[in-house]
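The structure appears right after this line, and notes come after that.
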Amino acid sequence: MDWSQMLQIFLFSLLCLTGSSKAVGELCKDYGREFERVFSVPGDAAMLTSTLLAPNVFNYDTVPYNISWYDPRTGRKLTSETGKTLVQEKTLWMFNIEMDDAGDYVCVVRTPSQCYKQATLLIVNQNNPEECGRPQNEVEQVLTNTASAFLSCPLSDQIRKVDNYSIQWYKGCERIVEDDPLWDRFTYVSDGQRLLVAQVSPEDHGFYTCTMTFDLEGLSGRISETFVGTVKKDYCLVPKVVEPANKIIKADLGSSFSKMCRVFVLSVGGQCADLIWTARDDFIPENVSERVFQESQSEWREEEKKGVWIERQLNFLEVEEEDFYIDYTCQTWSDRGFYSASFTLQPTDPNYLLPIGVLLTSLVLMFTVSVVIYHRFKIDIVLSFRRMFPFLYTNTESDGKLYDAYVAYPHLSGSVASGEVEMFALHTLPQVLEGRCGYRLFILGRDSLPGEAVVDAVEESMWASRRLLLVYTGSTFCSGGQSDSSSSDVLEAWKSFERQMAMHRALLEGSLKVVLVELEEITPTQLAFFPESVRHLRERQGAVCWWKSSRTRRTRGLRCGRWGEEEVKEKRGELASPSFSSPSLSSSSHFWKELRYYMPVRGKRTKCPEKNSLLNI
């Protein structure tokens, strides 16, 4: 700091110390009278504030200054020693105001090089009984009809200056008591700085006075402010954003897209709210030539809901990659506040519906084809699997059984059918199953010991067999068949014991699997004579039908209980080409494959040759 600056500060201090009544008449830059006037009544306090401490006057942050207040009528400098006034730099407090205190009060601001002054007018009104003696000005606060509204105390500047305070509200001359039922719609908020009026009605129109009692640097005072509370019949409540709803919306890349911003406002009267779309903290243009633009605002009134709908649509002519993962915000504002809602644009998820549909259709089709193929070629598939993976099946040699199958067939004599059945049972079956496939069969009369009782032979052989091949024709279970004396014992054994024993073990004990071998097509009339156990077994598991594999079958006139005339005349040895024993060269293989399917699995044993001149396996 040089000597010239020190000299300026010294002279400035000396001027401040020697200030006198001549200070008002100094050649200071005069800013005239403060625009804001101060109102008061006798007995109240008033706060006068100068606006000279402003950047447009001087740089008060860097330039030292001194503030003084003067009464221009006496030229006397006002201080805090009188108990009547209190000086706080640019603020002058006056207590216990009288009518003579009305007038201008001058604030003088001095710097080392300049001097500024400004007057503030204090207006002291006489007490008016009709208005309860409160000072009033032209300030107006609006109350919205049918809504809840706040009234603000105009003494906010004074509240920030005092040490402590209490506030009391008045409507006209009546004190608003918060706990009084008469004032149940009025609530003090923020220590009384705001007054909440619930469900505003036209009766709430009138003068409101906010009175503050306070303490400041040991002095007590009271200050009041009155304003007009005006109830507007035209009102506008808080706008409600119906959409967007702060959600994620998905769109296809390259497609067009639009989103409506829809706001509803309960209101009476004219327009009271506006809305606009923004993105990235910037307004979206309304130019329709832009790729992304917003349309003009539109609105209409809905009388039933007593409100106004306001809409503005956002359009994307073509969605691009840069549009994704951005918040698009619809902002709306009114005199009741500012509100917004947004949505985020994201790309749509990949369309898995078509490939999933194709996949499911393919799986269903594949499953259906597989089921059809399996049912059509089940026997071939199972036999091939057994042949290729014999080690997966248990060896049957250790199960204690001697035979793979017990062959039961009708022992009828004197009929053409009898010869064909015996030819099939005694020659065709053993030739294929034993000679070609390696199975071991038991056939009563062929494998039983001479002189052995039929009952014992049947029972023991069934216990020693893994399967029972029940060979029958349409006339097997019919009564009235002819038999000679040499075969009567065998016939009786078949009808009385062999079949009953087999069915008992198959159906009741479940210890013997029965394979029905049907040599000719069975008519409903013949089926009616079948034992119930055979019919039940035939319905449950079906039969291996030889007649389906025969290339030629003679037309038979068999009737249950009698033979056709041609069959009675034929002798067993006179048959030129027995139909049961003549194998088909093209289709008989299916019969033998089906029969092998039901036979015991030959695990790890010699397999049937794949090529067979008789079976075409």
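The values are calculated or read from the model by the stated rules, or taken from the named source; none is laboratory data. Nothing here was measured: the structure is a model prediction, and the numbers come from that model. Here Cβ is always computed from backbone atoms with ideal geometry, including for glycine, and neighbour counts include all displayed protein chains. Side chains are part of the model used for accessible areas, which takes the heavy atoms of the whole protein and leaves out ligands, DNA and RNA. Shrake-Rupley method; radii C 1.70, N 1.55, O 1.52, S 1.80 Å.
Some values worked out for this structure:
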| read-out | value |
| --- | --- |
| Residues satisfying the stated conditions in the range 75-89, i.e. more than 18 Å from ALA102 (Cβ to Cβ) and touching a strand residue (DSSP E or B) at 6+ places or on another chain (Cβ under 9 Å) | LYS77, THR79, SER80, GLY83, LEU86, VAL87, GLN88, GLU89 |
| Any chance LEU402 is in contact (Cβ under 8 Å) with a residue 12 or more places away in the chain, farther than 23 Å from LEU537 by Cα and buried (at least 16 other Cβ atoms within 10 Å of the Cβ) | no |
| Residue that is farthest from LEU216 (Cα to Cα), among those in the range 169-179 that are in a strand (DSSP E or B) and either of a type in the set (Val, Ile, Thr) or in contact with a strand residue (DSSP E or B) (Cβ under 9 Å, 6 or more places away or on another chain) (or both) | LYS171 |
| Residues satisfying the stated conditions in the range 222-250, i.e. open to solvent by 60 Å² or more (accessible area, probe 1.4 Å), in a strand (DSSP E or B) and aliphatic (A, V, I, L, M) | VAL242, ILE248 |
| Filtered residue count, the range 67-84, keeping only those that are modelled with pLDDT of 90 or more and either closer than 18 Å to VAL162 by Cα or among the small types (Gly, Ala, Ser) (or both) | 1 |
| Residues located in the range 91-132, provided they are of a type in the set (Asp, Glu) and in contact with a Ser or Thr (Cβ under 9 Å, 6 or more places away or on another chain) | ASP101, ASP104, GLU131 |
| Residues satisfying the stated conditions in the range 187-207, i.e. over 27 Å from LEU92 (Cβ atoms) and open to solvent by less than 10 Å² (accessible area, probe 1.4 Å) | LEU195, VAL197, VAL200, ASP204 |
| Matching residues, the range 259-294, being open to solvent by 60 Å² or more (accessible area, probe 1.4 Å) and at positive phi | ARG280, ASP281 |
| Test result for VAL421, surrounded by 19 or more Cβ atoms within 10 Å (Cβ to Cβ), touching a residue at least 40 places away in the same chain (Cβ under 8 Å), out of contact with any Asp or Glu (no Cβ under 9 Å at 6 or more places or on another chain) and not charged (D, E, K, R) | yes |
| Residue within the range 251-263 that is within 51 Å of the chain's Cα centre (by Cα), modelled with pLDDT of 90 or more, assigned to a loop (DSSP other than H, G, I, E, B) and not small (Gly, Ala, Ser) present | yes |
| Leading residue by the ranking (surrounded by the fewest Cβ atoms within 10 Å (Cβ to Cβ)) among those in the range 322-362 that are over 25 Å from the mean Cα position of the chain (by Cα) and part of a loop (DSSP other than H, G, I, E, B) | ASP335 |
| Test: residue in the range 242-250 that is within 18 Å of TRP333 (Cβ to Cβ) and of a type in the set (Asp, Glu) | yes |
| Members of the range 81-116 found to be within 16 Å of GLY221 (Cα to Cα), open to solvent by 50 Å² or more (accessible area, probe 1.4 Å) and without any contact (Cβ under 8 Å) to a residue 24 or more places away in the chain, listed by number | THR82, LYS84 |
| Qualifying positions in the range 294-321 - polar (S, T, N, Q) and either within 31 Å of the chain's Cα centre (by Cα) or assigned to a strand (DSSP E or B) (or both) | GLN294, SER298, GLN313, ASN315 |
| Hits in the range 138-168 (condition: within 30 Å of VAL265 (Cβ to Cβ) and not in a loop (DSSP other than H, G, I, E, B)) | GLU138, VAL139, GLU140, GLN141, VAL142, LEU143, THR144, ALA149, PHE150, LEU151, SER152, SER156 |
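This table checks each residue for (1) closer than 20 Å to LEU468 by Cβ; (2) at pLDDT 85 or above; (3) part of a helix (DSSP H, G or I).
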site	(1), (2), (3)
THR368	no, yes, yes
VAL371	no, yes, yes
VAL382	no, yes, yes
PHE385	no, yes, yes
LYS401	yes, yes, no
VAL407	yes, yes, no
ALA417	no, no, yes
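Residues checked against (1) assigned to a helix (DSSP H, G or I); (2) within 23 Å of ARG440 (Cα to Cα); (3) over 60 Å from the mean Cα position of the chain (by Cα); (4) at pLDDT 60 or above:
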| residue | (1), (2), (3), (4) |
| --- | --- |
| VAL458 | yes, yes, yes, yes |
| LYS495 | yes, no, yes, no |
| MET501 | yes, yes, yes, yes |
| GLU521 | no, no, yes, yes |
